[in-house]
Amino acid sequence: MVVEILIFAISIAAVISSLDFISKSVSNFTHSLGIPEYLASTIILSFVISLPVFLILLFSNIFNVPTLGITTVIGFSLAIVSIVMGVFLLKNEVPVEYERYRNSTFMWAAALLFLIVAVDKLIDRADAVFLLILFAFYCAYIYYRTGKSKEYVYFKTKPTHKILFIPALIAIVISTFATIATVSMMSNNYLFSVAIFSLTIFGFLLIIPLFDIIKSVFKSSRLTFDNLLGNVIVTLTLVPGIVALINPIPYDVSYKIGLMPLIFLNIICLSFAMITRLRKSISTKTGIILIMGYIAFWILMYSL
């Protein structure tokens, strides 16, 4: 088991470091192309950040371990909206303007739709279309919002970021594949739950680059806030939508570990949307609530 753990540790470390690298590079590329930062951060950078989750879902579905991929999507999304957002709000107070409330509503809608399409135990191509339609509406709103944007402060990357962008991307693909193979092998050999592992440990590890990205890439707390919401929306709509178009995704929601995480995700997203609707600003108290919610989620998963 020591060998498997070592391979897993190396693979996940490669994914995390490569993701941090290419996320910073993308900010520079979008600047060079003249893409407004609000549009780039809420959609383009959000997809880049969710790239490992996309690959995990794609590969696990192709190699017939779909539970690993779909639970990683849920665990990653929940970790962003609770632990990353919670830690961020401990240090920052964000005024809740109209677009913040609107983005939070889109996030809850994404979580609700994801639950609806998964409840019949299969996310098929018809479900994928619905997910992608919601993502299209989100893109349309962001495009409209971008016209009002005044955020044009880009992260300045070094020349090495451009040179090493492709190798870093290849490293993510290879490391993701190695991670999936290792987790599947350990699960079969040592009989632990892939679902619980993905919902908690895997989901948490994949958010680690976000802590550095929100600190070094964004110069505005409002932009950071909207990027985090965008990450969840992209992960719950675009990512499963594309994968399900390629190959339908089975997911058994009839057992507790299958259904409870989706319900918990919806509760967190709905509560967050309601807070942004009722308050003029959110900060420390909301951050503490979100972190406590994530701790409660871990306790719930390991007590089932």
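Worth a mention:
- Computed over the chain, the range of Cα coordinates on each principal axis works out to 53, 45, 37 Å, biggest value leading.
- The chain: calculated mean residue ellipticity at 222 nm from DSSP helix runs of at least 4, using -39500 (n - 2.57): -24000 deg cm²/dmol
- The order of the peptides 75-81, 38-44 by mean Cβ neighbours within 10 Å, most packed first, is 75-81, 38-44.
- In this label model, Asp120 and Ala140 are separated by 2.4 nm, measuring between points 7 Å along each Cα→Cβ vector.
- Modelled this way, with points 7 Å down the Cα-to-C-beta line, the labels at Asp212 and Tyr255 are 3.7 nm from one another.
- Cα pair distances in the stretch 192-276, grouped into 5 Å bins until the bin that holds the longest one, percent each: 3, 10, 15, 22, 23, 15, 8, 4, 1
- All Cα-Cα separations within the stretch 5-145 were binned at 10 Å from zero, giving a P(r) of 9, 33, 38, 18, 2, each value a whole percent of the pairs.
- Just so you know, the Cα atoms of the stretch 200-245 work out to an Rg and Dmax of 12.5, 37 Å.
- FRET E, pair Leu6, Lys91, Förster distance 35 Å, beta-carbon r, rounded to 0.05: 0.50
- Highest-fluctuation residue, Ser82, Ser220, Ser198 considered, GNM on the chain with Cα pairs under 10 Å: Ser220
- Along the chain, the exposed loop sites are trypsin sites (Lys or Arg not before Pro) outside DSSP states H, G, I, E and B with at most 10 other Cβ atoms within 10 Å, and the longest stretch free of them is 1-147.
- As a proxy for reagent exposure, ranking Asp212, Asp120, Asp20, Asp226 by other Cβ atoms within 10 Å from fewest up yields Asp120, Asp212, Asp20, Asp226.
- Fully extended contour minus Cα-Cα distance, from Ser184 to Met292, at 0.36 nm per residue: 35.9 nm
Only the coordinates and a few stated rules stand behind these numbers; no lab work does. What you see is a predicted model, and the numbers here were worked out from it, not measured in a lab. Using ideal geometry, Cβ is built from the backbone for each residue, glycine included, and neighbour counts are taken over all protein chains shown.
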